[in-house]
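This report refers to the structure that appears directly beneath it.
The values are calculated or read from the model by the stated rules, or taken from the named source; none is laboratory data. Quick caveat: nothing in here was measured; it's all calculated off a predicted structure. Methodologically, a virtual Cβ is constructed for each residue, glycine included, from the backbone with ideal geometry; neighbour enumeration extends over all protein chains shown. Heavy atoms of the whole protein, side chains included, go into the accessibility calculation; ligands, DNA and RNA do not. Shrake-Rupley method; radii C 1.70, N 1.55, O 1.52, S 1.80 Å.
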Amino acid sequence: MKLRRTLVGLLAAVATLGAVPTAAVAETPYKSEYRLSLVLGTAFPWGKGGQIWADLVKERTKGRINIKLYPGVSLIQGDQTREFSALRQGVIDMAVGSTINWSPQVRQLNLFSMPFLMPDYAAMDALTQGEVGKQMFATLDKAGVVPLAWGENGYRELSNSKRPVRTPADLKGMKIRVVGSPLFLDTFTALGANPTQMSWADAQPAFASGAVDGQENPLSIFTAAKLHNVAQKNITLWGYVADPLIFVVNKEVWASWTPADQAIVRQAALDAGKQEIEIARKGLIEPGQPLLKDIAALGVTVTQLTPAEREAFVKATRPVYEKWKKTIGADLVTTAEKAIAARK
Ligand code: X2X
């Protein structure tokens, strides 16, 4: 009898102890909704990646973590270069963001915007999936967010309303919309163009009105945003820059989740990133690059450069590369160059 009472007491004590972690969690309750910031919505690979992440998290946490998409960087009134600061401050809970938009706050992210650094997808993968990717994530962690996975916006090809561009001279005086860091101003100035910085939201009306002549963005954006309808009739495939996307979470939000839920969110980001990269490359890695035919069918002149023609753009932007190598950090850039040279 006495033994039994002791046992009951022990069980009660265990039950109380077991309740302690639950009470601790209750102090930082889960939010009913987590706000996921993106520049582009689900008509684009970028937004599709965000949706896949949100869906996987909801399913795998059985609805404990409910993510809502805020495309058009609407939580910060469309000002995409403020996204990183807003993430750090908790105005945004999580994001799938471009390295370009965060580079004003994290100078190392300018690496991916260096003209003609990454000649092909294998080069990009060598960076994001290798030592450079690891170092970048450590930098982002220090800068105040929790980085989880890589995605991709894509190779940023040049379009304009004026004429086919084959040489830097063809770009002379052309008003080109750019975004993000001053590196883009340097690159287009070196090419003889007249770059102007504006958000994606402001850019589209500017193409339509003719206030701006041209822009650079991945072809998946060109088609989904129907840029041929806003006078962008010429595209030059020059592969000068490609921007990865990064899946991140605000630090306080991250800390409020149980380790098990953190693991779910991380794995879901990795899975979504992988799928998103496949979507971003669709039509561009298959034989014959079917997306190029689709674009030509819209009445757009697609210009492919010969290696010698491309080299003229590389040469003209080389001083910009050298200048920014110092700003970004010569060690990091050298690590990147070596990883690219050793790529499979
Ligand atoms: O604004 C752009 O050009 C875009 C949509 O590609 C980015 O957010 C970097």
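With r as the distance between the Cβ atoms of residue 278 and residue 42 and R0 = 25 Å, compute the FRET efficiency 1/(1 + (r/R0)^6) and round to 0.05. For residue 42 and residue 278, the calculated efficiency is 0.95. Applying both filters, DSSP loop and at most 13 other Cβ atoms within 10 Å, to the trypsin sites (Lys or Arg not before Pro) of the range 262-328 gives 282. Each of 198, 229, 29 was scored by the projection of its Cα onto the charge dipole of the chain, and the greatest displacement toward the positive side belongs to 29; charges sit on the C-beta of Lys, Arg, Asp and Glu.
Dipole magnitude for the chain: computed about the Cα centre from +1 point charges on Lys and Arg Cβ and -1 point charges on Asp and Glu Cβ, it is near 520 debye.
With Cα atoms defining each centre, the range 114-132 and the range 271-344 are spaced 9 Å apart in the structure.
Spin-label model, residue 134/residue 262: points 7 Å from Cα along the beta carbon direction are separated by 2.0 nm. Charging the Cβ of each Asp and Glu at -1 and of each Lys and Arg at +1, and nothing else, the dipole of the range 229-344 about its Cα centre rounds to 400 debye.
For the chain, the gyration tensor built on C-alpha atoms gives a prolate shape. Its axis ratio a/c (a ≥ b ≥ c) is at least 1.5, and a/b is the larger of a/b and b/c. Exposure check, 1.4 Å probe, all protein chains in place: residue 334 carries approximately 50 Å² of accessible surface. Taking 18 Å as the cut-off for C-alpha to C-alpha distance, list the pairs among 142/323; 48/274; 251/325 that go past it. 142/323; 251/325, as the Cα separations exceed 18 Å there. With contributions of -39500 (n - 2.57) from each DSSP H run of at least four residues, the per-residue ellipticity at 222 nm computed over the chain stands at -15000 deg cm²/dmol.
For residue 314, the accessible area of its heavy atoms, probed at 1.4 Å with every protein chain present, is near 20 square angstrom.
Taking label points 7 Å from Cα along the Cα-to-Cβ direction, residue 194 and residue 322 give a separation of 2.9 nm. Of 330, 147, 253, whose Cα points farthest to the positive end of the dipole of the chain (charges on the beta-carbon: +1 Lys, Arg; -1 Asp, Glu; origin at the Cα centre)? Checked the options; the winner is 253. Toward the positive end of the charge dipole of the chain, about the Cα centre and with charges on Cβ (Lys, Arg +1; Asp, Glu -1), which of 280, 178, 118 goes farthest? The one lying farthest along the dipole's positive direction is 280. DSSP bridge analysis restricted to the range 136-235 gives an antiparallel fraction near 50%, rounded to the nearest 5. When both bridge partners sit in the chain, DSSP labels roughly 55% of those beta bridges antiparallel. Under the criterion of Cα pairs below 8 Å and six or more residues apart, the relative contact order for the chain equals 24 percent.
Counting only aspartates and glutamates at least 8 places from residue 134 when in the same chain, those with an alpha carbon closer than 17 Å to its own are 125, 152, 243, 331, 337. Mind running the shape call on the range 233-344? Use the C-alpha gyration tensor, a ≥ b ≥ c as the square roots of the eigenvalues: rounded below 1.5 for a/c, prolate if a/b tops b/c, oblate otherwise. It comes out oblate by the Cα gyration axes. For residue 88, the accessible area of its heavy atoms, probed at 1.4 Å with every protein chain present, is near 100 square angstrom.
Residue ranking by accessible heavy-atom surface, 1.4 Å probe, largest first, among 254, 238 comes out as 254, 238. Subtracting the Cα-Cα distance of residue 251 and residue 308 from their residue separation scaled by 0.36 nm leaves 15.8 nm.
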